[in-house]
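**Q** One structure, pasted below without further comment.
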Amino acid sequence: MKKVISMIVVVAMLTTIFAAMIPQSISAAGTMTVEIGKVTGAVGTTVQIPVTLSGVPSKGIANGDFVLGYDPKVLDVTTVTAGI
């Protein structure tokens, strides 16, 4: 009987662990957009490229990511700063 109970406990624990590892996606109604500002700059100067999110849900954003492509022959990224 102890072996049966131990087996049930092990299966329950493994099920809980694997269930926690399944990615969960929650989507808010509406559309959120990312806008990358246009900037110009002379060689050797520093430019700031604004990244603006619109349509953000009232509860905010838990996390997210995106890829900003650029030509490394033309632009050298020195710092990335999180905004408000």
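**Q** What number of residues within segment 31-45 are touching a Gly at 6+ places or on another chain (Cβ under 8 Å) and part of a strand (DSSP E or B)? Give the steps one after another, and end with the answer.
**A** First pass over segment 31-45, keeping only residues touching a Gly at 6+ places or on another chain (Cβ under 8 Å): 31-33.
Next cut, part of a strand (DSSP E or B) only: 33.
Number of matching residues: 1.
**Q** Filter segment 46-70 for residues that are assigned to a loop (DSSP other than H, G, I, E, B), under 13 Å from residue 30 (Cα atoms) and in contact with a strand residue (DSSP E or B) (Cβ under 9 Å, 6 or more places away or on another chain) and give the result.
**A** Across segment 46-70, the qualifying residue is only 55.
**Q** Show the residue pairs that are 6+ apart or on different chains and have beta-carbon atoms under 9 Å apart, the first residue being within segment 42-67 and modelled with pLDDT under 80 and of a type outside the set (D, E, K, R), the second being in a loop (DSSP other than H, G, I, E, B) and surrounded by 10 or more Cβ atoms within 10 Å (Cβ to Cβ).
**A** Listed by first residue and then by second, the contacts come to 64/32.
**Q** Continuing with the same structure: Quick one: count up the residues across segment 49-84 that are on the phi < 0 side of the Ramachandran plot and surrounded by 10 or more Cβ atoms within 10 Å (Cβ to Cβ).
**A** Of the residues in segment 49-84, 11 are on the phi < 0 side of the Ramachandran plot and surrounded by 10 or more Cβ atoms within 10 Å (Cβ to Cβ).
The values are calculated or read from the model by the stated rules, or taken from the named source; none is laboratory data. Only a predicted model underlies this, so the values are computations on that prediction, with no experimental measurement involved. Neighbour counts run over all protein chains shown; Cβ positions are idealised from the backbone, glycine included.
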